[in-house]
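Data first, discussion second: the structure below is written as structure tokens.
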Amino acid sequence: MPCTPLSVNLEVDPDPQQKILFGLNKICNNDNTVQWTLHFELLQGNPLATVVKLDVAITKDYHPQAEATARHGLDASQRGQALVAAAVATDPTATPADQAQAAQDVIAARAMQAGA
């Protein structure tokens, strides 16, 4: 089956004080390999302002979850994990690697099942 590029934007439980945005991009390479990138942005405050913005390469192990998320949106587990990622993003002791891992964990949290 040929690779089909895909790009989606998702928002997690927005409220007036916080907005969590996700973008997923699927890139099809000439050698038939696939790359997934997660764009994570956390906005907080009044007015909302960007607190953290990350671009994270999704590891190959989580490509099925990325595909399912892009096609069907975030599931309940992922929405919960997104709140954890937001907390890590604002933790002053978190490193950029911690923030990137927390963002990728949102994709990894997807409950995979038939038709996920």
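All of (1) touching a His at 6+ places or on another chain (Cβ under 7 Å); (2) open to solvent by less than 60 Å² (accessible area, probe 1.4 Å) hold for residue 55 with one exception: (2).
Just one residue in the set 86, 76 is more than 16 Å from residue 6 (Cα to Cα), of a type in the set (A, V, I, L, M, F, W, C) and surrounded by 18 or more Cβ atoms within 10 Å (Cβ to Cβ); that residue is 86.
Taking the condition of being touching a Gly at 6+ places or on another chain (Cβ under 8 Å) and surrounded by 17 or more Cβ atoms within 10 Å (Cβ to Cβ), how many residues in region 8-38 meet it? Here the count works out to 2. Restricting 92, 64, 47 to residues that are open to solvent by 60 Å² or more (accessible area, probe 1.4 Å), part of a helix (DSSP H, G or I) and either in contact (Cβ under 8 Å) with a residue 40 or more places away in the chain or out of contact with any Cys (no Cβ under 7 Å at 6 or more places or on another chain) (or both) narrows the list to 64. Residue count for region 70-89, restricted to those that are assigned to a loop (DSSP other than H, G, I, E, B) and either of a type in the set (Gly, Ala, Ser) or more than 16 Å from residue 20 (Cβ to Cβ) (or both): 1. Going by what's in this entry, would residue 109 be described as within 19 Å of residue 42 (Cβ to Cβ), in contact with a Gly (Cβ under 9 Å, 6 or more places away or on another chain) and either among the small types (Gly, Ala, Ser) or open to solvent by less than 60 Å² (accessible area, probe 1.4 Å) (or both)? Criteria met by residue 109.
The values are calculated or read from the model by the stated rules, or taken from the named source; none is laboratory data. On a predicted model such as this, the values are computed, not experimentally measured, just so you know. A quick note on method: Cβ atoms are made from the backbone with ideal geometry, for glycine too, and the neighbour counts reach across all protein chains shown. Heads up: the accessible areas ignore ligands, DNA and RNA and are worked out on the full protein's heavy atoms, side chains in. Shrake-Rupley method; radii C 1.70, N 1.55, O 1.52, S 1.80 Å.
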